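A.B. asks: Let me begin by handing over the structure; questions about it come next.
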């Protein structure tokens, strides 16, 4: 059964969890973490999303984020990560696959 769609309101914080494919490792090194944070910074700068807090775990990320005036910007984050850099979000460098 598919998960119900989120009810998105402008400027309302959401707790988001992003996991690697098959819950695999996304951040094997500190460089992976830095790369993800640089990518996240680019996405939020271009989209108006506000990040209030984040936690990078080995195989997933927790974000507390507000979509600003465009609630749909949150939904576009995974595709924006690939579009903005031309490469998938960080995941295991050995298994170079998209994290979302």
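A.B. asks: Over region 14-84, what relative contact order in percent results from Cα pairs under 8 Å that are six or more residues apart? Walk me through the numbers on the way to the answer.
C.D. replies: Details: 92 pairs, mean separation 27.0, N = 71.
Relative CO of region 14-84 lands at 38 percent.
A.B. asks: Right, something else. Using the Cα atoms as the points, what is the convex hull volume per residue of region 14-84 in Å³? List each step's numbers first, then the result.
C.D. replies: On the way: hull volume 5.9 nm³, N = 71.
Once divided by residue count, the hull of region 14-84 is 83 Å³.
No lab work stands behind these numbers, since they all come straight from the coordinates. This structure is a prediction, so every number in the text was calculated from the model and none was measured.
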